[in-house]
Amino acid sequence: MIKKEMILGIRSVVYNFKFALLFFTVNFLIAAILSIGVWADLNSNLSHSILSLKLASASDFSWYLQFRHLFATELDNLTYSLIVSIILYVMLQTFFTAGITAVFKEPKKNHIIDFFYGGVKYWTRFLKISLVAFFLVALAFILNDALGWLISWAFSSSDNALWDFVFRSLRYIILISLLITITLFADYAKVSSAVDEESNLPITIKNAAHFLHDNFLITITTFMIIALFGVIGAVVYNIIGNYITKSPWEYIIITFTLQQMLIIFRFGIKMLFVAVEVSLYKDLIADVVKVKTEEQPIITGET
Amino acid sequence: MLPLFLLLSISFLSFKGMGREVLIPKINSSHKEKIAGKIHPIAKPLYNIKIDYNWNKQLLRCKVNVKADSSFIKESSLWFELPANGLKSPRTLFASANKLGKENFTGFQFDKISVNGKTPDARYSVLFKGFNADSTLLRINTPGNTGVPLNVSFEYSLLVPRGDFIFGVSEKNDFSVLRGFYPVLLSPNSKILNLPPNGVVDFPPADFSVTVKIPENIKVLNPEFSRSSSGVLSSKMKNRKETILFFSGKSEEIIKDSLSLKDFEVNIFCESSSENYIPRIKRAVLNASKFLEENIGLSLNGNIMIVDLPRSLRLNNFYSSGVAAFHINLFSPVWTKHPEADVIKGLIFRLSDGDFLTDFARSPWLFYGVGEYLTNEIFADSYGKLSQSFKLLSYLPIKGETMFAYNEIPIIYRLNSFEYEPWKELLPEYLSTENKTGFSDIDNVLFSRKDFDFVSTVKPALVLQTLKNFYGADSVNSILSGFFKLTCKMGIMNKAVFDSSVINSLGENGSSIWRALSNSSGNIDYAIAGLTKLYGGVYSLRLSRIGEIALPEKVSVYTDKDTLNFLWDGKSRIKEIVFSSNNKVIGAEIDPQNRNILDVNRADNSYLIEGNYSTAFAYAIHWFFWVQNALMMFGVFG
């Protein structure tokens, strides 16, 4: 079943790839706005400096430290712009996720108008679910802190650093597992609210919880397989990226192209998550019509 | 008998009007007078310390006898430091900089103080405004004792606190470090700085005779100790700044190893979990010893204890008096610098122990700064570069850099790390220190711990590195070699001796640069303010000194065919040079070899007539990609 869903999902993503470009464009534009200031700082620091020729071929730790110190105020102020941009970005991303969910829900209606219609229709519901997910993530981090204090207390009088490390690693694994579960839960809550046309948040959450309870193995396996695709993409990018030289500077165009390909690929993976989750949800909640058949004897004979 | 309450009650009478105090005037003669010969033979105090250590109660009952000559008397008084009293109350100078819990409090409970058999007038002296409860300085009036050998006796009890600060016992009560547990006679030229945690003072070298009565199942790690037939442990130590004792009651054996060099013995004590670091520790000793011998002309002698502190004992790493005690991390690849740098630092600090006086309180850079420079040099020579790294799960070093982390969890990070020379570790603190004061006279420095680190370690080590860049490694090695040798010859380790060695090695010119770097306060920042073509082949080059400190700088002008070099004295704020060239001038650069690492902005040291925008663009692209990824990561909520 997973194989079938994956194939169907990949087909859907390829068929609707134009929406990945929409995700990418928004990401590109916001990142560009946030990068203009840094580019200006770099330009004022390096554009007429011979150091820029040296930095073109090799990195320099001293210059890096000096740059961070000289432009500390500008870089610190960027944090605020970054926070505002992230909030804006998350809201836009929610809108787009609502749009593609609508498209994947009814594959024949994949016009751009259907996408925006779905976006408008589901945005509020999805935003509420995102908020719930955000608070659950915050809770997961608080739990992680509490476990940290517990481990520190338990090992405060111990000289055994190895066991301390083992328990801290376990805590990290618990946190990652919780984050995956919350993401899975938020994803299926969104899918459930769209597919079931349910706008009531508690009912959506209940439906998603029931669904995940009944189908946890298949949903988590599918989730991990798609996540693995994303990891493979990042590994391939890093391997190729290591072979690209830093000089002459024109090679930055190749690096930049490769980076943007990775970003687009990741949006493809995000769409794949949605496509497979919608398809899986629809298939797994579909009513199974049990047909009882009986073999009828063939009546032959002479009258 | 002088009960403690009496001491305390008297102490409040004596603090008024006393700010930062210099007990004895500075040794103020010029260095030229000093190199003529040894200042004076050192009258070393002799400590006879008898400890009855009740391990179960963690209680020390001590009898300490100090024999010294009357040269230690200043204004009819003897001065003792009581380091453990920094932990006496929440209102001490030490407590002002450290959060003490009830398990950390302790203090000397005196039963008896006598000088030459008589009970003297003794009182605590409060030097630091606002810290009236501080009782770390004891002043004993000794009228009529001038010219008479002194015999000062103390009897007291002292609780061994939990080992979070200065000294103490591990949380499991199975390992203890005793340090600062006896009254320390202050040097005749002592100066005390108002610097938390507990001031900075200087101790004269001394000889120690120590006996310890302790249950047989508790082991003393110090190799100098031997157990007599009556079960009492005893030892004699010479020429030490202080005596530091290590005791273990662990059921698990502490791994002991040793290494013998020609005149030097290294004793290593490790937790069993750190056993695999012993070969690395030994290699670090051999590397340091080889470097010091080949480059500085010094051979180590005496002995050193290298102790891996248990993690349930939360003392900071310390290097003093033949002891290098530090925490060895569970995972510590060589590119993190540890434990190699700890071992090297311990060996270098060992060079400051000897039959000579020191001027630690006035010139802490002679220990910390010189130690940091040599540690970095030895590390770079033996192991190469460091890698930028961050810690995952408190233990695992990962090459890279975190830009945003939440409680050990790197949220935004990069796994490409810079590789850099060890001295560059000091640059962030150097750059971030606003008040870049000189370090030659720290009286003028308004102290905080950060200021102290800057003048004692960061700037001196970077200045030595700059001298190395200007004059070569051999010249700086020659300065250091001369410094250590002159110290032994003169009987004192102070700035004047170092200055003499600088003059001997670099001459008057080099010495003037040394003085500019060590004495002056302010930034060093040179810039090219402009390079323009006036007419024909005539160009105008404007050099600018933005920082306060002036140094001679080499300037290069690049044309499409050759390079023109000249030396600028670097004194004027703006210097315009008009020159002509038949070739096309491309750019100009101050300090092209980047010898002056103290310049706070290297990018403006050079100027290209035609701008080059590609590098800024390339770096901006990397930032852009990072932002794209950050947005995607947080976009997971959408």
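The values are calculated or read from the model by the stated rules, or taken from the named source; none is laboratory data. Worth saying up front: this structure is predicted, and the values here are computed from it rather than measured. FYI the Cβ positions are ideal-geometry reconstructions off the backbone, even for glycines, and counts take in every protein chain you see. Ligands, DNA and RNA are stripped out before the accessible areas are found, and what is left, the full protein with its side chains, is counted by its heavy atoms. Shrake-Rupley method; radii C 1.70, N 1.55, O 1.52, S 1.80 Å.
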ask   = Which residue pairs have Cβ atoms closer than 7 Å, lie 6 or more positions apart in sequence or on different chains, and pair a first residue in the stretch B:55-69 that is surrounded by fewer than 17 Cβ atoms within 10 Å (Cβ to Cβ) with a second residue that is assigned to a strand (DSSP E or B) and hydroxyl-bearing (Ser, Thr, Tyr)?
value = B:Leu59/B:Ser157; B:Arg61/B:Ser157; B:Asn65/B:Ser153
inquiry  = Six or more apart or on different chains, Cβ atoms under 7 Å: show the pairs whose first residue is in the stretch A:9-38 and at positive phi and more than 10 Å from every other protein chain (Cβ to nearest Cβ) and whose second is among the hydrophobic types (A, V, I, L, M, F, W, C) and open to solvent by 40 Å² or more (accessible area, probe 1.4 Å).
reply    = none
request  = Report whether or not B:Gly482 is buried (at least 20 other Cβ atoms within 10 Å of the Cβ), in a helix (DSSP H, G or I) and without any contact (Cβ under 8 Å) to a residue 40 or more places away in the chain.
outcome  = yes
task = Could you list, in sequence order, all residues of the stretch B:229-259 that are under 25 Å from B:Cys62 (Cβ atoms) and part of a strand (DSSP E or B)?
result = B:Leu233, B:Ser234, B:Ser235, B:Lys236, B:Met237, B:Lys238, B:Asn239, B:Arg240, B:Leu245, B:Phe246, B:Phe247, B:Ser248
query = Just checking, which of B:Ser89, B:Ser135 is assigned to a loop (DSSP other than H, G, I, E, B) and open to solvent by less than 10 Å² (accessible area, probe 1.4 Å)?
reply = B:Ser135
query = Would a scan of the stretch B:108-129 turn up a residue that is of a type in the set (A, V, I, L, M, F, W, C), open to solvent by 20 Å² or more (accessible area, probe 1.4 Å) and either in contact (Cβ under 8 Å) with a residue 60 or more places away in the chain or not in a helix (DSSP H, G or I) (or both)?
reply = no
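Yes/no per residue for (1) touching a helix residue (DSSP H, G or I) at 6+ places or on another chain (Cβ under 7 Å); (2) closer than 30 Å to B:Phe203 by Cα:
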site: B:Met493; (1), (2): yes, yes
site: B:Ile503; (1), (2): yes, yes
site: B:Asn519; (1), (2): no, yes
site: B:Asn523; (1), (2): no, no
site: B:Tyr539; (1), (2): no, no
site: B:Glu548; (1), (2): no, no
site: B:Leu551; (1), (2): yes, no
site: B:Tyr558; (1), (2): no, no
site: B:Leu564; (1), (2): no, no
request  = For the stretch A:89-106, state whether one or more residues are on the phi < 0 side of the Ramachandran plot, surrounded by 20 or more Cβ atoms within 10 Å (Cβ to Cβ), away from chain B (no Cβ under 12 Å) and aliphatic (A, V, I, L, M).
outcome  = yes
query = Which pairs have Cβ atoms under 6 Å, sit 6 or more apart or on different chains, and link a residue in the stretch B:398-416 that is within 18 Å of B:Leu631 (Cα to Cα) to one that is among the aliphatic types (A, V, I, L, M) and buried (at least 17 other Cβ atoms within 10 Å of the Cβ)?
reply = B:Ile412/B:Ala630
ask   = What is the one condition in (1) within 13 Å of chain A (Cβ to nearest Cβ); (2) open to solvent by less than 20 Å² (accessible area, probe 1.4 Å); (3) in contact with a Ser or Thr (Cβ under 9 Å, 6 or more places away or on another chain); (4) not basic (Lys, Arg) that B:Ile549 does not satisfy?
value = (1)
task = Can you tell me which residue within the stretch A:133-149, out of those that are more than 19 Å from A:Leu170 (Cβ to Cβ) and in contact with a helix residue (DSSP H, G or I) (Cβ under 7 Å, 6 or more places away or on another chain), is surrounded by the fewest Cβ atoms within 10 Å (Cβ to Cβ)?
result = A:Phe134
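Of everything in the stretch A:138-174 that's among the aliphatic types (A, V, I, L, M) and in contact (Cβ under 8 Å) with a residue 12 or more places away in the chain, which residue is farthest from B:Val169 (Cα to Cα)?
Here the answer is A:Ala140.
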query = Can you tell me how many residues in the stretch A:198-220 are within 20 Å of A:Leu8 (Cβ to Cβ) and open to solvent by 50 Å² or more (accessible area, probe 1.4 Å)?
reply = 1
inquiry  = Quick check on the stretch B:365-385. Is at least one of its residues open to solvent by 40 Å² or more (accessible area, probe 1.4 Å), assigned to a loop (DSSP other than H, G, I, E, B) and not aliphatic (A, V, I, L, M)?
reply    = yes
Subset tally (residues that are of a type in the set (Ser, Thr, Tyr) and either closer than 23 Å to B:Ser432 by Cβ or surrounded by fewer than 18 Cβ atoms within 10 Å (Cβ to Cβ) (or both)) for the stretch A:28-44 = 1
ask   = Could we say that B:Leu330 is touching a helix residue (DSSP H, G or I) at 6+ places or on another chain (Cβ under 6 Å), more than 14 Å from every other protein chain (Cβ to nearest Cβ) and part of a loop (DSSP other than H, G, I, E, B) here?
value = no
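Answer yes if at least one residue in the stretch B:302-318 is of a type in the set (Ser, Thr, Tyr) and open to solvent by 10 Å² or more (accessible area, probe 1.4 Å), and no otherwise. Spell out how you get there, then give the answer.
At the first step, the residues of the stretch B:302-318 found to be of a type in the set (Ser, Thr, Tyr) are B:312.
Then drop every residue that is not open to solvent by 10 Å² or more (accessible area, probe 1.4 Å), which leaves none.
So far as the stretch B:302-318 goes, no, none of its residues is of a type in the set (Ser, Thr, Tyr) and open to solvent by 10 Å² or more (accessible area, probe 1.4 Å).
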key: Breaking point among (1) under 26 Å from the mean Cα position of the chain (by Cα); (2) loosely packed, with under 15 Cβ neighbours inside 10 Å; (3) not in a helix (DSSP H, G or I), for B:Lys290   = (3)
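Hey, any hits in the stretch B:248-260 for a residue that's of a type outside the set (Gly, Ala, Ser) and under 22 Å from B:Gly354 (Cα atoms)?
Yes, that holds for at least one residue.
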key: Residues (at pLDDT below 90 and of a type in the set (A, V, I, L, M, F, W, C)) located in the stretch B:388-435   = B:Leu392, B:Leu393, B:Met403, B:Phe404, B:Ala405, B:Ile409, B:Ile411, B:Ile412, B:Leu415, B:Phe418
ask   = Could we say that B:Leu631 is under 30 Å from A:Leu258 (Cα atoms), surrounded by 17 or more Cβ atoms within 10 Å (Cβ to Cβ), of a type in the set (A, V, I, L, M) and within 7 Å of another protein chain (Cβ to nearest Cβ) here?
value = yes
message = Could you go through the stretch B:567-587 and let me know if any residue there is under 29 Å from A:Trp39 (Cβ atoms) and at the interface with chain A (Cβ under 7 Å from one of its Cβ atoms).
response = yes
inquiry  = Any residue in the stretch B:137-158 that is among the basic types (Lys, Arg) sitting within a Cβ distance under 9 Å of a residue that is part of a strand (DSSP E or B)? List the pairs, counting only those 6 or more apart or interchain.
reply    = B:Arg139/B:Ser77; B:Arg139/B:Leu78; B:Arg139/B:Trp79; B:Arg139/B:Phe80; B:Arg139/B:Asp121; B:Arg139/B:Ala122; B:Arg139/B:Arg123; B:Arg139/B:Tyr124
request  = Looking only at the stretch B:261-317, count how many residues are more than 28 Å from B:Val169 (Cβ to Cβ), touching a Lys or Arg at 6+ places or on another chain (Cβ under 7 Å) and among the polar types (S, T, N, Q).
outcome  = 1
ask   = B:Lys262 is checked against (1) over 20 Å from the mean Cα position of the chain (by Cα); (2) assigned to a helix (DSSP H, G or I); (3) more than 14 Å from every other protein chain (Cβ to nearest Cβ) and fails just one. What number does that condition carry?
value = (2)
key: Sole residue being more than 7 Å from chain B (Cβ to nearest Cβ) and surrounded by fewer than 20 Cβ atoms within 10 Å (Cβ to Cβ), chosen from A:Ser59, A:Ser47, A:Ser85   = A:Ser85
ask   = Among A:Ile180, A:Ile205, A:Ile151, A:Ile142, which is the only one that is assigned to a helix (DSSP H, G or I), at the interface with another protein chain (Cβ under 10 Å from one of its Cβ atoms) and of a type in the set (A, V, I, L, M)?
value = A:Ile151
